[in-house]
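The values are calculated or read from the model by the stated rules, or taken from the named source; none is laboratory data. Computed from a predicted structure; not experimentally measured. Here the Cβ positions follow ideal geometry from the backbone for every residue, glycine too, while neighbour counts run over all protein chains shown.
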Amino acid sequence: MTNNENLNGRVAVITGASSGIGAATARRLAADGAKVALLGRRKERIEELAAEIGAGAVAVVADVTDRDSVRDAAATVRAALGPVDLVVANAGVMLGAAFETAEVGEWEQMVGTNITGLLHTARAFIDDLLAAADDGGKADLVLVGSVGGHGIFPEYAVYSATKAAVAHLTRNLRAEFGPRGVRVKNIEPGFVGTELGAGMSDTKQLAQLAEWRTGFTILEPGDIADAVAFATSVPARLNVAELILVPTPQG
């Protein structure tokens, strides 16, 4: 989908980089020539990935729900790799349950990660992105949403609401920053084989999710990573603003 020249020399930050889409995206962007900062809470995981990628990769422990943690991480990234011109806000949580029995703490976790964490991430790096655009380079803010932001998924109301917020936030930030040269885009996957949802306490929904993921051929994290690489490597005049990626049987 892309070539090394288009991402060569760029400095990328990926949140939620310890597994799944985040880890696959870090590998792909690095393979295409970008320096990559791997942000995540699981120190061992991101350090292993940074070692696997090699030169040009740095692991930074950060919790996107904590504003100070993200700001500190941004300073660490700049010191290690220089100013950032590509941000993939990928960290997310999906915890399904019937509304009337759901753990309120799980709602707070989803809102804190999927919305507030994304805002902290974007805010921590927006000055870098604006500076990159001012210098005539590419500047990309990629917000990872979900098809859940468009569809109706019973017992996933709060998760779907957080992803609908991501979609509309992207549209508004695109209007705000597009004229200033920063490409804001929303990548919205359907079913992907990742750890997403593994932490939900509702055992019925956990079993249902496993059944959905094994009922047909679903996407791999590398599929989403390919899409991110494509969307950020196109000419600066083009913004791939919204990209929905679903397994063929999902429709």
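Would you say Gly181 is surrounded by 17 or more Cβ atoms within 10 Å (Cβ to Cβ) and either without any contact (Cβ under 8 Å) to a residue 24 or more places away in the chain or farther than 26 Å from Gly9 by Cα (or both)? Don't jump to the end; show me each part of the working.
Values: surrounded by 17 or more Cβ atoms within 10 Å (Cβ to Cβ): yes; either without any contact (Cβ under 8 Å) to a residue 24 or more places away in the chain or farther than 26 Å from Gly9 by Cα (or both): no.
When the stated conditions are applied, Gly181 does not pass them.
Residues are listed down the side, and each one gets a yes or a no for (1) within 23 Å of Gly105 (Cα to Cα); (2) touching a Ser or Thr at 6+ places or on another chain (Cβ under 6 Å); (3) of a type in the set (S, T, N, Q); (4) in a loop (DSSP other than H, G, I, E, B):
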| residue | (1), (2), (3), (4) |
| --- | --- |
| Ile187 | no, no, no, no |
| Met200 | yes, no, no, yes |
| Trp212 | no, no, no, no |
| Phe216 | no, no, no, yes |
| Ala227 | no, no, no, no |
| Phe230 | no, yes, no, no |
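Considering only region 24-37, I want to know if a residue exists there that is part of a loop (DSSP other than H, G, I, E, B), of a type in the set (Gly, Ala, Ser) and out of contact with any strand residue (DSSP E or B) (no Cβ under 7 Å at 6 or more places or on another chain). Yes, region 24-37 has at least one match. Got at least one residue in region 121-138 being farther than 22 Å from Ser201 by Cα, among the hydroxyl-bearing types (Ser, Thr, Tyr) and either without any contact (Cβ under 8 Å) to a residue 12 or more places away in the chain or buried (at least 17 other Cβ atoms within 10 Å of the Cβ) (or both)? Among the residues of region 121-138, at least one is farther than 22 Å from Ser201 by Cα, among the hydroxyl-bearing types (Ser, Thr, Tyr) and either without any contact (Cβ under 8 Å) to a residue 12 or more places away in the chain or buried (at least 17 other Cβ atoms within 10 Å of the Cβ) (or both), which makes the answer yes. If you go through region 68-94 and keep only what is in contact with a Gly (Cβ under 8 Å, 6 or more places away or on another chain) and among the charged types (D, E, K, R), you end up with just Asp85.
Residue check: His168 meets all listed conditions (1) surrounded by fewer than 20 Cβ atoms within 10 Å (Cβ to Cβ); (2) closer than 20 Å to Thr116 by Cα; (3) out of contact with any helix residue (DSSP H, G or I) (no Cβ under 9 Å at 6 or more places or on another chain); (4) not aromatic (Phe, Trp, Tyr) but one, namely (3). Within region 84-107, the set of residues being among the acidic types (Asp, Glu) and either surrounded by 13 or more Cβ atoms within 10 Å (Cβ to Cβ) or touching a Phe, Trp or Tyr at 6+ places or on another chain (Cβ under 9 Å) (or both) comprises Asp85, Glu103, Glu106.
What do you reckon, is Leu243 modelled with pLDDT of 90 or more, of a type outside the set (D, E, K, R) and crowded, with 16+ Cβ neighbours inside 10 Å?
So Leu243 passes the test.
Restricted to helices (runs of 4 or more DSSP H) entirely inside region 40-145, those with at least 1 residues that are closer than 17 Å to Thr25 by Cα and within 16 Å of the chain's Cα centre (by Cα) are 43-53, 117-134. Ala62 meets all of the listed conditions (1) at pLDDT 95 or above; (2) of a type outside the set (Lys, Arg); (3) farther than 25 Å from Glu44 by Cβ but one, namely (3).
Taken over region 2-27, residues that are within 14 Å of Thr232 (Cα to Cα), buried (at least 24 other Cβ atoms within 10 Å of the Cβ) and of a type outside the set (A, V, I, L, M, F, W, C) amount to 1.
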